[in-house]
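I have placed the structure first, in the form of structure tokens, so that the comments after it can refer back to it.
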Amino acid sequence: MDLFLQQVINGIMVGSVYSLVALGLTIIYGILGVPNFAHGSLYMLGAYFSFLLVTAGGVNYWLAILISMAALTVIGMVIERIVFRPLVNAPHLNSFIAAIGLIYVIDNVALIVWGPDFKRFPPLYDQLYHFLGVTITLHRIIIVITAVVLIVLLELFIKKTTIGSAIEATAQDRVGARLSGINVTRVDMWTLGLGTSLAAAAGALIGPILLVYPAMGGAVTLKAFVIIILGGMGSIPGAILGGFLLGLIESIGGAYLTTNYHEVLAFGLLVTVLAIKPTGLFGKAH
Amino acid sequence: MHGYTDNVAVIKQGNKLVVKAPMSMAFYNSGPVDIGWQRGYRKAALLCGSHEAGKMAEKLFLAQWKDKGGEIVEVASIDFKSVTDFYPYLTKALSKNPDCIYLYGPSEPSAMIVSQARELGFKGGFLLGSQCKMDEMAKIAPMEALNDTVGVCPVGMMPLPLMQKYNASHKAKFGEDAIPTSESAFNYEVMYIFAEAMKKAGTVTDPYKIRKAINDVLPVGDHAIRGMYKVTSEGQFISGYFAIQILDGKFTDPINIDPGPWYEKYGATWMPE
């Protein structure tokens, strides 16, 4: 086994999932200005929905991902409507606290409904491939390809569609967007729906190689925040690059230094970048 | 007072009223360590949780494996709350070519580690600490992946007639899927021991007398499901213990391990520095 190459592949796989989660988080932050701490909990819901559709519903895995994404889009929109919209004109801190409160609500509902047990997907794509001393399962290849496809689709959606342009305009200048006739309240709702569907896709993609359980969102939320601060809050390229960077640093750093401190490496990178460029890699000063 | 733990610290405090039913983690480890050694494993990698018990398991295994003359090729500590993928840990550990991997952590993630290690081509064995419940792991990982693992025998599979009776009534009451745990079995038996000791001591208010009477009521007849037959002066109950292996895709017969000699050699409170 080639240690370096294998860790690069491991890092890219985890990085692609990190990127997806961070992308959702960063576009939500870019539009609403709210750090949605409950993003990881929505990722967990995405994993559960697809798990249940596949196991209890007998639905095809790809269809299950699409249904989970659609369901979470709706849930995201509902959350915007009933949690964040009433707080638009309140002090910023209120939305922060509401987002933290959401974690408890979602995680505990999951705990009550599905119990604390770990669930495992039935085997889906566990064929193994060996090349250049590297081992990879088909599912891991699928994760990376799907994540990249989703990232490209998101970029096209933002650049090529009217809704996408409205989102981009609102992110650039909320007042300006409103003046040119964009319904920014509706943009808020679409954005939370869109961002949440990306979290759902990430959860549904990684579910089969991990376990599905109510607390699974906590770890990715923290990492997604590291990524978007690293990449620059609200920056799409920052979230993509940051996600892959973090995945690679964790696995390669773990291989040559010690796996015990892979989180020290991740946060060390964050501190270093912020010391040199306080707005993050792609962040703009306000 | 019953402290349910395999950590010897509770009976080291010197409280004469504390007793504990689970035996020490070092003793539980000794089964898989001995069997692994007999299989010819010499190079071990450790993947233990970073929780307190995981750290203790790591310390004990290091001492026990080195004591045998074995070599430790990798020690990785896993924070099960924050890990997203075990591949990076396993890639590093497997690059050191271990003969066996010692695991200590929750059963389900441990089962995932086993599955993923097999994906990465690991052919060696797994020695499991007491937190890894093999019957629960078998629900997550396929039996072929679990081949060549050795760990503590799940209580439901222990070949003790009273335990089997308890197992059957537990299943009748809570359903086929409800696996009786060490926790429920030990606490069930301790409750009866306390009740019998109260009868024997003729008091429900003098805890010292009750504690003194415990040795006289052991084992507690039909309720001695785990067969606790002695309590040491430090407060450690001694009972039967079995290790079990998975070979050729099947659970083997449980292997009876007498705690007597081990406790004579190390005592009830042994903990390496």
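Details
- Within the range B:3-19, the set of residues being in a helix (DSSP H, G or I) and surrounded by fewer than 16 Cβ atoms within 10 Å (Cβ to Cβ) comprises B:A9, B:K12.
- The residues on offer are A:L52, A:L20, A:L63, A:L72, and the sole one that is surrounded by 24 or more Cβ atoms within 10 Å (Cβ to Cβ) and either of a type in the set (S, T, Y) or more than 14 Å from every other protein chain (Cβ to nearest Cβ) (or both) is A:L72.
- Single residue of B:R226, B:R211 found to be farther than 28 Å from B:F86 by Cα, in a loop (DSSP other than H, G, I, E, B) and in contact (Cβ under 8 Å) with a residue 40 or more places away in the chain: B:R226
- Qualifying strands (runs of 3 or more DSSP E) (wholly inside the range B:76-179; at least 3 residues being away from every other protein chain (no Cβ under 13 Å) and hydrophobic (A, V, I, L, M, F, W, C)): B:100-104, B:125-128
- For the range A:223-257, a residue qualifies if it is under 15 Å from A:I28 (Cα atoms) and not in a helix (DSSP H, G or I), and the qualifying residues are A:G232, A:M233, A:G234, A:S235.
- Test: residue in the range A:205-212 that is more than 21 Å from A:L150 (Cα to Cα), surrounded by fewer than 24 Cβ atoms within 10 Å (Cβ to Cβ), touching a residue at least 12 places away in the same chain (Cβ under 8 Å) and facing chain B (nearest Cβ under 8 Å): yes
- Per-region count, the range A:213-243, residues within 14 Å of chain B (Cβ to nearest Cβ), surrounded by fewer than 24 Cβ atoms within 10 Å (Cβ to Cβ) and either among the β-branched types (V, I, T) or at positive phi (or both): 2
- Remark: B:I140 matches the filter, which requires a residue to be within 25 Å of A:F121 (Cα to Cα), surrounded by 15 or more Cβ atoms within 10 Å (Cβ to Cβ), in contact (Cβ under 8 Å) with a residue 12 or more places away in the chain and over 17 Å from the mean Cα position of the chain (by Cα).
- In the range A:6-17, of all residues being within 10 Å of chain B (Cβ to nearest Cβ) and buried (at least 24 other Cβ atoms within 10 Å of the Cβ), the one that is nearest to the chain's Cα centre (by Cα) corresponds to A:V17.
- Conditions (1) within 11 Å of another protein chain (Cβ to nearest Cβ); (2) touching a Leu at 6+ places or on another chain (Cβ under 9 Å): number failed by A:H130: (2)
- Scanning the range B:189-214 for residues that are crowded, with 16+ Cβ neighbours inside 10 Å and closer than 27 Å to B:Q164 by Cβ gives B:E189, B:V190, B:Y192, B:I193, B:F194, B:E196, B:A197, B:I214.
- Filtering the range A:124-162 to residues that are in contact (Cβ under 8 Å) with a residue 24 or more places away in the chain and part of a strand (DSSP E or B) leaves A:V134, A:T135, A:I136, A:T137.
Rule-based calculations on the coordinates, nothing more; no lab input. Here the structure is a predicted model, which is why all the values come from computation and not from measurement. Neighbour counts are summed over all protein chains in view; Cβ atoms, including those assigned to glycine, are modelled from backbone coordinates with ideal geometry.
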